[in-house]
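Chemist: This is the structure I want to talk about, given as structure tokens.
The values are calculated or read from the model by the stated rules, or taken from the named source; none is laboratory data. These figures come from a predicted structure and were not determined experimentally. Here the Cβ positions follow ideal geometry from the backbone for every residue, glycine too, while neighbour counts run over all protein chains shown. Ligands, DNA and RNA are excluded from the accessible area calculation, which covers all protein heavy atoms including side chains. Shrake-Rupley method; radii C 1.70, N 1.55, O 1.52, S 1.80 Å.
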Amino acid sequence: MSFENLKDIEKEVQQCKSCPLYISRNNVVFSDGSNKAKIMLIGEAPGADEDKQGKPFVGRAGKLLNEFLKLAGINRNEDLYIANTIKCRPPENRKPAKEEKAACERFLQAQINTVKPKIIVLCGATAMESFLDKKLKISKVRGEFFENIKGYEGIKFIPILHPSYLLRQHSTETGSPRDLTLKDLIKIKKTALI
Ligand code: URA
């Protein structure tokens with residue numbers, strides 16, 4: 001099925017019953033930010049706060065993400081389009097199952113093809129595994145650009161550490177996960193402007 005625009009995609013997602021997660025969802029979590037953004041950030045899945053509000057990254061991890069975006073000079077509302085690998089909350093915040101990701105993949109593909117970002121930020125290992133070689137370790141390849149991924153021409157993919165992980169890592173020393181993430185976001189911002 002092909003979609004004309006983001007509204008059409010969202011309308012379809014709102015009615016989606018392709019996997020059992022529709023039974024327990026309070027809200028579909030489709031996207032946030034700007035449809036015209038050069039940078040798209042893909043997270044794992046909605047948590048409890050996101051399920052309540054119908055928006056990605058609005059809970060504790062989202063608040064930390066906002067802090068890092070601000071420090072890197074990335075405007076969440078204007079420079080970024082945010083989505084997740086799946087649009088409905090998995091119970092107990094478990095990782096999305098393979099079947100759930102597969103059922104939701106066409107929507108994420110449609111979002112990418114409509115927004116046409118220059119850069120896709122793969123936020124955390126789950127998002128990274130949806131696009132890059134599953135053998136890669138996020139701690140090794142975060143901050144690296146990957147091209148010619150899954151037939152997406154002209155889009156640079158870059159994994160970063162997930163803010164839920166950073167919530168447990170408090171150091172900001174040089175080389176710490178928080179320091180590396182800020183540097184990755186600054187690199188993303190610079191590359192998006194070129
Ligand atoms: N974590 C994610 O990966 N996505 C969200 O939307 C919220 C938390």
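Chemist: State all residues of region 1-36 that are open to solvent by 60 Å² or more (accessible area, probe 1.4 Å) and of a type in the set (A, V, I, L, M, F, W, C); if no residue qualifies, say none.
Modeler: Those that are open to solvent by 60 Å² or more (accessible area, probe 1.4 Å) and of a type in the set (A, V, I, L, M, F, W, C): Met1, Ile23.
Chemist: Being out of contact with any Ser or Thr (no Cβ under 8 Å at 6 or more places or on another chain) and part of a helix (DSSP H, G or I) is the filter here; which residues of region 130-154 pass it?
Modeler: Phe131, Ile138, Ser139, Lys140, Val141
Chemist: Right, something else. Exactly one condition in (1) touching a residue at least 24 places away in the same chain (Cβ under 8 Å); (2) at positive phi is false for Glu92; which is it?
Modeler: Glu92 satisfies every listed condition except (1).
Residue-by-condition table, conditions (1) within 14 Å of the ligand (Cβ to nearest atom); (2) on the phi > 0 side of the Ramachandran plot:
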residue: Val13; (1), (2): no, no
residue: Ser34; (1), (2): no, no
residue: Pro46; (1), (2): yes, no
residue: Gly54; (1), (2): yes, yes
residue: Gly62; (1), (2): yes, no
residue: Arg76; (1), (2): yes, no
residue: Leu80; (1), (2): yes, no
residue: Leu108; (1), (2): yes, no
residue: Ile112; (1), (2): no, no
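Chemist: Also, I was wondering about something else. All but one of (1) touching a Lys or Arg at 6+ places or on another chain (Cβ under 7 Å); (2) open to solvent by 10 Å² or more (accessible area, probe 1.4 Å); (3) over 15 Å from Tyr165 (Cβ atoms) hold for Gly47; which doesn't?
Modeler: Here Gly47 meets the rest and fails (3).
Chemist: Any idea which residue in region 137-177 is nearest to the ligand (Cβ to nearest atom), counting only those that are exposed (fewer than 15 other Cβ atoms within 10 Å of the Cβ) and within 18 Å of Asn113 (Cβ to Cβ)?
Modeler: Lys150
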